[in-house]
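The values are calculated or read from the model by the stated rules, or taken from the named source; none is laboratory data. Predicted, not measured: the structure shown is a model, and the values here were computed from it. Positions of Cβ are generated from backbone atoms using ideal geometry, with glycine treated the same way; all protein chains shown enter the neighbour counts. What goes into the accessible areas is simple: the full protein's heavy atoms, side chains included, and nothing from ligands, DNA or RNA. Shrake-Rupley method; radii C 1.70, N 1.55, O 1.52, S 1.80 Å.
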Amino acid sequence: MNRKPAVNKAASTIDIPWAKSISLDLLHNRPRQLIFCLIILAFILILIVNFYVFTTKMFKNIEKYDKEISLSKALNVKDTLEVNFNAKLAALTATGHLISTLNKGENQKLLILLQNVRESNGYLSVWVTTKEGTSYFDDGSESNIKMSDSLKKAINGVSTISQRTKHPTNGKECIILSAPIQSSHAIIGVISAAISVTDFSSYIMSLNGNTDSSSFIVQKSGKLVSSSLSIMNDSENLFSYLNQNNIDTTKISLDFQLNKANVQRFTLKNEVPSFYTYTPLEHINDWFIVTTTSTGTTVVKTKSIQNNTIVFYLIIILTILIAFLYAYYIKRSTKKKFELLAYTDQLTGYRNWSKFLIDVQDILKKNKDKNYTYIYANIENFKYINDIMGYDIGNKLLQHVSKTLNNNLNSDEPHTRVNADRFSFLMEYTSNDVTVNRLKKISDQINTLQSYYKINFLNCIVFGIYKIKDKTLPISAMGDRALLAMQSTNNSKDLFYSFYNSKIREKALLQKELEREMNIAIEEKQFIIYLQPKFNLDNKKVIGAEALIRWNHPQKGLICPNKFINLFETNGFITQLDYYVFEETCKIIKKWLTNNVAPIPISVNMSRLHIYNPHFAEELHTIVERYKIPINLLEIELTETINLENVSTLLNAVDSLKQYHFVLSIDDFGTGYSSLNLLKNLPVDILKIDREFFSRASDEKRGREIIASIIDMAKRLEMKTVAEGVELKEQADFLTSVNCDYVQGFLFSEPIPVSDFEANFM
């Protein structure tokens, strides 16, 4: 638990019971301080000088190596691209020869040929244009297109590659390759192929072969030909882009005009330095291929850098050796001081957990003739104290607890704050009564802080007591047993302590055993469904049921959910069990439908953990679809208290469920702190009044009015109401009088196996 640090005099002085004998020679030994400072200063100067020399040489070598690599990559991309374009133009020329052999009217053969060229090369489209300007496309269409400069050159016998342009029919951004079609030494038309700019750009990027480089093509003017996938918007100019990033483009612009290849190092805003390598594409318009390479990804392993590294680290090692030799020399005079800092809890000023472990082990070893108890203590509702009264009061309470323990424990009874609001201590044992009386005295003194600050903590501290029988037992195991005893108090207002005993041990062992067997149990379908009917108060007919779980253990028999649900909530297995119950419920409804039995809706309770799963609603809907049952026969129950953790997440989960048309209910209404706000925000269909709230309030006039108001409010919100845990006829009569819709409880029926439910109610 994070908390604000408290200023503590005990932590800044040596006035601590177990540490008063520590020597402070080092604090007053000025010659030693001077020598130590000189060594540190020399060490820093040596590091600075060597680091400067090393990095200067290293960066020069890296930059030289990076430039060579970048230029090599760019030339490889250039060569590959030129070969590819020449091959494509040659292929188009060859296709033109085939077209020239076709007779007039063989349009179908022409169409098939064009389609084959498009599919085999991944072109956007392929078409033939006659000298008269009529174009025949690979999709069978004809059109008179505008004669571009590129097309005119091809008709005059020169294969061409266009600038970035728009497709003549669909307007898509593309680059058009054109080759003349010759017949008997005469040009009869042009074959053209369009390459999508997106595909062209992806192809260029793929030529880099890794992720630390990117390439794109620009015209001599800087205008973008291929869409940049990494640095620029599609409409930007290279020179404008660099100028916007405060880069002087004079040099690169001059190189472009001179058709000169070069490498320049630029650092753009909020980016690592990069090399811009540019080289002209020969015989392809006025295009330049530009490749950018990050300078931060190259690993340089040259001999000079290796030698510098060896020298650098030898100097560091020698310097560190000198520092450690001196540190070892002064170790004895500073050891106790360091121990004080290392073994003190900075909030309370007393020993911390590490020191506590050492002291407990030492005391148990030395006092073999004495009996001890290990006690674990916890402040109840400490989060409430922090949230409502502030961290300052919370810190003062923790300090007050530590001081009280220190005042009431003997020198051989060490204590510590384990973490947050939890404490551990040893106490000499003579009898249970003596131990309880001493703890009662400690508790009373801790509670005196209430009157000082005029606040009410109630019995704010509880204790778990483990009587140490085997002193060789690990201290962590003693603490675990005391912790189990403390947790068994169950937040009781009357019981502030508990002794560890066989029942607590058996409960812990049972939970571990159940945890080991839970996965096997779900595989072997040891979990079985019980159904508790819901009755209409008007006609006393069954209108639905709630699916409840029982564990039919092969050795232990039928285990009720109160034995394992909390455990599964803690370890997260509850989500898997919920899906199991939901699917088994779907099977029951499916069986009814198959056997032509009129089905009734069944509600399934879902853990709060599901709301953090973004696919929760989708996964439930998939199960329903698998069994092909009407979704209105399933009701999803969400516990009211889950809204305290994350309201927005809960709302998202409920909205997702409603999108699939699930019927939703709020279970245990009346137990949380935000019930009215919950009703306002959540689009739920059914409100279930919690049994504890109902049984507590239905016997009081004021409580009855509250229940009546809740039911009336639910009806105004067009929600059905269900009262659960109805055990007395008087309760049922009262609910009838306030127009509650449905009830469930032992007065009408307890949860029963599915077969009994079918026999009695279906």
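Order His615, His415, most accessible first, counting only protein heavy atoms with a 1.4 angstrom probe.
Solvent-accessible surface, decreasing: His615, His415.
Between beta-carbons, use under 15 Å as the cut-off and find the net charge around Gln511, counting Lys and Arg +1, Asp and Glu -1.
+2
Computed FRET efficiency, Cβ-Cβ of Lys541 and Asn566, R0 25 Å: what is it to the nearest 0.05?
0.10
Quote the accessible area belonging to Glu750 in square angstrom, nearest 10, computed with a 1.4 Å probe and with ligands, DNA and RNA left uncounted.
100
Would you mind putting 469-480, 365-376 in packing order, based on average other-beta-carbon counts within 10 Å, highest first?
Going by the mean number of other Cβ atoms within 10 Å, highest first, we get 365-376, 469-480.
Could you tell me the accessible area of Val83 in Å² (1.4 Å probe, neighbours in place), rounded to the nearest ten?
Number for this one is 100 Å².
Using a 1.4 angstrom probe on the protein heavy atoms only, line up Asp756, Asp667 by accessible area, largest first.
Asp756, Asp667
Using the basic label-point model (7 angstrom from Cα toward the beta carbon), what is the Gln445 to Lys556 distance in nanometres?
Modelled inter-label distance: 4.2 nm.
Keeping all protein chains in place and using 1.4 angstrom, which order do His553, His661 fall into by accessible surface area, from largest down?
Greatest to least solvent exposure: His661, His553.
Which FRET efficiency value, to the nearest 0.05, is calculated for Glu142 and Ala87 with the Förster distance at 25 angstrom and r the Cβ-Cβ distance?
The calculated FRET efficiency here is 0.30.
Ignoring everything but the protein chains, give the 1.4 Å probe accessible area of Asp79 in square angstrom, nearest 10.
Accessible surface of Asp79 is approximately 80 Å².
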